Amino acid sequence: MNLAQKILKEHLVEGRLEAGEEIAIKIDQTLTQDATGTMAYLEFEAMGVDRVKTELSVSYVDHNTLQTDFRNADDHRYLQSIAAKYGIYFSRPGNGICHQLHLERFAVPGKTLLGSDSHTPTAGGIGMIAIGAGGLDVAAAMAGEPFYLKMPEIVNVHLTGRLKPFVTAKDVILEVLRRIGVKGAVNKILEYTGEGIKTLSVPERATITNMGTETGATTSIFPSDEITRQFMEAQGRGEQWKPMMPDENAEYDDTIEINLSELEPLIALPHSPGNVKPVAEVEGLKIDQAIVGSCTNSSLRDLKIVANLLKGRKIAEHVSFAISPGSRQVILHLIESGELAHIIKAGARVLENACGPCIGMGQAPPSKGVSVRTFNRNFLGRSGTKDAMVYLASPETAVASAIYGSITDPRKLGEYPEIKMPEKFIIDDSMFIPPAKDGSKVEIIRGPNIKPLPEFKPLDNVLEGEVLIKVGDDISTDHILPGGAKILPLRSNIPEISKYTFSVIDPDFYSRAMEKNGGFIIGGENYGQGSSREHAAIAPKYLGIKAVVAKSFARIHHANLINFGIVPLIFSNPADYDKIEQGDRLQIDLTGLEEGKVIMKNLSNGEEIVLKHNLSEREIVMLRKGGKLAYIRDKNKR
């Protein structure tokens, strides 16, 4: 067996480990972050469970840390009181980014982790099956429900050789994206093997598994070996380590061969992580901003390299350069070693240990600005400036570009610095607050921005309405419901946040949806890629969206639509997409949904279109009842 199969087999509750089959697995750990967590815990409360049933659940605050008014602060008080009451560890604002912190302090080889953030696979760098999901799926896991998914194909990414100086783990995952694109690993697990993995530290592996999300992969995973053991011992958690390897004769559904020795510095061009070229091909483009950070590249290893490359150098006078460390542990080490001084003397801005600019929370580029970022996404408008051009690259490339003032091959910086990682990390868990021993005495604190969940009614057999919007390929959840400092504080207030649905591409969508009393969305390939934010399903549901018909769906968004009672349907013939326009009136007959017989009539032009779906029997039952919450409530009554 390969490693992914071994862990899935150990956690299998239902189904068979055959690609495409629906399986259910036991979840050992969960994580939430505050942008998705408030809704996840409202959903958890609605399930009526007294205490979480996982081995470990952690509530992180790392997204909405910019407290421009009372709303984020109120959400944080709510999250802290929920954690205390229901048996959840609470990571306070400023402690760090959830994925970096979880890797440092909680991730365990061979365990399963479900997180309400699409970059949860970061923990695959330590040998976990770590999967991103919507908040409702995470709430269900905390309530003891198994997690359901289609059994993915397992792809062997076989690494040989060794990275050359100034070529990094970020370039490895950019190479994978260059080869397979942003939907090349949908319903697949990327499992890394080969002699090349022995040259990569756990933080470097985590960079690769983190950004593997952008390929559409269910998750990515590295073995747990001696390098993993050394990392966990340095974190004071050596007793939790165990070796986890694939069998020598393990079989895979496909193989990608990468010789690390042949790679060069790479960069993703606007506006897709899959639009990858060698840095040398775009060198010379003047930049306005460079930022190192995010859950992809904010480890101590990354920032030590940054510090030593900046030593004795200055940032170009027209460039704004900033870092956002991934955790307090990272910044404490930089202070102790004196390396933080190199960063500050070079002219860098030091931001909070949080997600920050990656989710559009500050540091927006200037109008038509060019920004080089070490992040994982560069979707249109995600930076907070719609006409900005955002490039994704390694910390080394970001530093070189910031020094020279234009996109620059980092090999021009000369000799690659040697860095010394600590044998023992500084351990200070004081900003993790354990739950109360007796949660029954804890009072939940709710601010005025926290509104109850909308009602989810059972599904009608025949759906009728207007096409409210027709969109193209690779529409992300950022397009459906943007982030940023203005919108993220509304995550616990569905009526308010719904006003921003599709605002990036169609400012009139909200008013049209309200006027027409809901309707349908027509989409292209890979509809709903990107963030796990379930609000991209809840807000359309609140606005009366009954079904989304697309050429194909991204995994997490497909699950979120089902969870909230919106029917995800697929064109049997992709050419039928061209037979529908915005404003057309449609009728969809779901009588034969169980048999796979779905007919859509375009009442505006008389066309009859055959649709298909990839819903399981369980998902159809959920949809019929109005979504996952209604389904779980009904199950608990029996």
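The values are calculated or read from the model by the stated rules, or taken from the named source; none is laboratory data. Since the structure is predicted, the reported quantities are computational estimates derived from the model, not experimental observations. Neighbour counts run over all protein chains shown; Cβ positions are idealised from the backbone, glycine included.
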What tally of residues in the range 21-54 results from selecting those that are assigned to a loop (DSSP other than H, G, I, E, B) and touching a strand residue (DSSP E or B) at 6+ places or on another chain (Cβ under 6 Å)?
4
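If I ask for residues that are among the hydrophobic types (A, V, I, L, M, F, W, C) and over 25 Å from the mean Cα position of the chain (by Cα), which ones from the range 511-542 would you list?
Keep residues of the range 511-542 that are among the hydrophobic types (A, V, I, L, M, F, W, C), which gives 513-514, 520-522, 536-539.
Residues satisfying the conditions are 513, 514, 520.
Go through 307, 280, 290, 316 for me and flag whichever is part of a helix (DSSP H, G or I) and under 15 Å from residue 408 (Cα atoms). Working first, answer last.
Numbers: 307 fails: under 15 Å from residue 408 (Cα atoms); 290 fails: part of a helix (DSSP H, G or I); 316 fails: part of a helix (DSSP H, G or I).
The unique qualifying residue is 280.
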Can you report the number of residues in the range 364-382 which are at pLDDT 90 or above and under 18 Å from residue 488 (Cβ atoms)?
4
Tally up the residues in the range 233-258 that are within 30 Å of residue 397 (Cβ to Cβ), surrounded by 14 or more Cβ atoms within 10 Å (Cβ to Cβ) and either among the hydrophobic types (A, V, I, L, M, F, W, C) or touching a Ser or Thr at 6+ places or on another chain (Cβ under 9 Å) (or both), please.
3
When residues of the range 603-638 are limited to those that are free of Cβ contacts under 8 Å to residues at least 12 places away in the same chain and of a type outside the set (Gly, Ala, Ser), the one surrounded by the fewest Cβ atoms within 10 Å (Cβ to Cβ):
638
Picked from the range 588-602 (must be surrounded by 14 or more Cβ atoms within 10 Å (Cβ to Cβ) and out of contact with any His (no Cβ under 8 Å at 6 or more places or on another chain)), the residue farthest from residue 618 (Cα to Cα) is 602
Can you say whether residue 304 is out of contact with any Phe, Trp or Tyr (no Cβ under 9 Å at 6 or more places or on another chain), crowded, with 20+ Cβ neighbours inside 10 Å and more than 30 Å from residue 216 (Cβ to Cβ), as far as the supplied structure shows?
yes
Can you tell me how many residues within the range 91-114 are touching a strand residue (DSSP E or B) at 6+ places or on another chain (Cβ under 9 Å) and closer than 14 Å to residue 63 by Cα?
9
Within the range 479-508, restricting attention to residues that are modelled with pLDDT under 90 and not aliphatic (A, V, I, L, M), which residue is surrounded by the most Cβ atoms within 10 Å (Cβ to Cβ)?
491
Filter the range 85-124 for residues that are of a type in the set (Gly, Ala, Ser) and surrounded by fewer than 24 Cβ atoms within 10 Å (Cβ to Cβ); the one that is nearest to residue 37 (Cα to Cα) is 87
Could you tell me which residue of the range 364-383 is surrounded by the fewest Cβ atoms within 10 Å (Cβ to Cβ), considering only residues that are in a loop (DSSP other than H, G, I, E, B) and small (Gly, Ala, Ser)?
367
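Of all residues in the range 466-485 being among the charged types (D, E, K, R) and within 20 Å of the chain's Cα centre (by Cα), which is nearest to residue 582 (Cα to Cα)? Before the answer, list the steps.
Keep residues of the range 466-485 that are among the charged types (D, E, K, R), which gives 466, 470, 473-474, 478.
From what is left, the residues that are within 20 Å of the chain's Cα centre (by Cα) are 473-474, 478.
Details: 473: 16, 474: 18, 478: 21 Å.
Here the residue is 473.
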Taking the conditions exactly as written (exposed (fewer than 14 other Cβ atoms within 10 Å of the Cβ) and acidic (Asp, Glu)), does residue 584 satisfy them or not?
no
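Given the structure, is residue 274 surrounded by fewer than 17 Cβ atoms within 10 Å (Cβ to Cβ) and either assigned to a loop (DSSP other than H, G, I, E, B) or not assigned by TED's automatic domain parsing to the domain that holds residue 132 (or both)?
On the way: surrounded by fewer than 17 Cβ atoms within 10 Å (Cβ to Cβ): no; either assigned to a loop (DSSP other than H, G, I, E, B) or not assigned by TED's automatic domain parsing to the domain that holds residue 132 (or both): yes.
When the stated conditions are applied, residue 274 does not pass them.
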